[in-house]
């Protein structure tokens with residue numbers, strides 16, 4: 001992908017008020033993939049290009065044509081042809097359609113609203129103070145904080161529009177690291193527990209070859 005197209009993707013994403021994380025969730029890809037597209041280090045495949053064109057209410061040709069562009073908004077919120085916010089409203093409407101097509105939108109909404117980090121802090125402090133006289137729990141129970149990114153990664157996965165995207169966004173590496181640290185800190189089995197890391201490539205291999213990527217309700 002050339003720099004001009006990469007810059008165009010950045011402008012369109014920002015015009016729609018989307019972060020890299022939220023756009024990645026819409027497309028069922030990782031944030032790193034979106035970041036690479038926007039730095040011209042990689043190119044979206046055909047399916048993702050079509051999806052991007054759909055989100056931004058464009059044809060594929062319009063999405064990729066940077067020579068005669070009237071679809072990018074300027075700094076004042078106007079279209080390049082001077083129309084006030086017309087394209088932006090269309091982009092936002094299409095973005096909402098994609099959000100509504102998520103596999104588990106209600107679950108994602110409830111998870112993002114719930115103050116999970118605050119709950120973790122409260123549980124951590126209560127447990128540590130209660131067990132302070134029994135043993136030193138501060139190190140072991142600090143692993144609770146690793147559940148925070150796990151929680152929000154699952155919430156983001158619920159916004160994916162395909163099963164394959166949902167499973168790709170699952171925080172399997174973070175879960176494996178958390179379990180590994182727990183086994184090492186509690187039981188001291190650092191060496192044997194390292195075999196858990198084999199679960200990461202095996203999981204993604206399974207998703208790539210065996211999980212169907214169709215949308216819910218039989219949509220493709």
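The values are calculated or read from the model by the stated rules, or taken from the named source; none is laboratory data. Note that the coordinates shown come from a computational prediction; the quantities given were computed from them, not determined experimentally. Cβ placement follows ideal geometry from the backbone for every residue including glycine, while neighbour counts extend to all protein chains displayed.
Filter the range 154-171 down to the residues that are in contact (Cβ under 8 Å) with a residue 40 or more places away in the chain and not in a helix (DSSP H, G or I), then identify the one that is surrounded by the fewest Cβ atoms within 10 Å (Cβ to Cβ). Before the answer, list the steps.
Step one: filter the range 154-171 for residues in contact (Cβ under 8 Å) with a residue 40 or more places away in the chain, giving 154-169.
Now drop any that are not not in a helix (DSSP H, G or I), which leaves 158-162, 169.
Numbers: 158: 20, 159: 27, 160: 26, 161: 23, 162: 23, 169: 22.
Selected residue: 158.
Cβ contacts < 8 Å: first residue in the same structural domain as residue 152 (by TED's automatic domain parsing), restricted to the range 119-132; second residue surrounded by fewer than 13 Cβ atoms within 10 Å (Cβ to Cβ), any location; separation 6+ or different chain. Result?
Listed by first residue and then by second, the contacts come to 128/138.
May I ask you to say which residue of 73, 60, 88, 64 is closer than 20 Å to residue 38 by Cβ, at pLDDT 75 or above, surrounded by 14 or more Cβ atoms within 10 Å (Cβ to Cβ) and assigned by TED's automatic domain parsing to the domain that holds residue 24?
Working: 73 fails: at pLDDT 75 or above; 60 fails: surrounded by 14 or more Cβ atoms within 10 Å (Cβ to Cβ); 88 fails: at pLDDT 75 or above.
Within the list 73, 60, 88, 64, the selection yields 64.
Scan the range 122-136 and tell me whether some residue there is buried (at least 17 other Cβ atoms within 10 Å of the Cβ), within 22 Å of residue 30 (Cα to Cα), at pLDDT 90 or above and in contact with a helix residue (DSSP H, G or I) (Cβ under 7 Å, 6 or more places away or on another chain).
Checking the range 122-136: not a single residue is buried (at least 17 other Cβ atoms within 10 Å of the Cβ), within 22 Å of residue 30 (Cα to Cα), at pLDDT 90 or above and in contact with a helix residue (DSSP H, G or I) (Cβ under 7 Å, 6 or more places away or on another chain).
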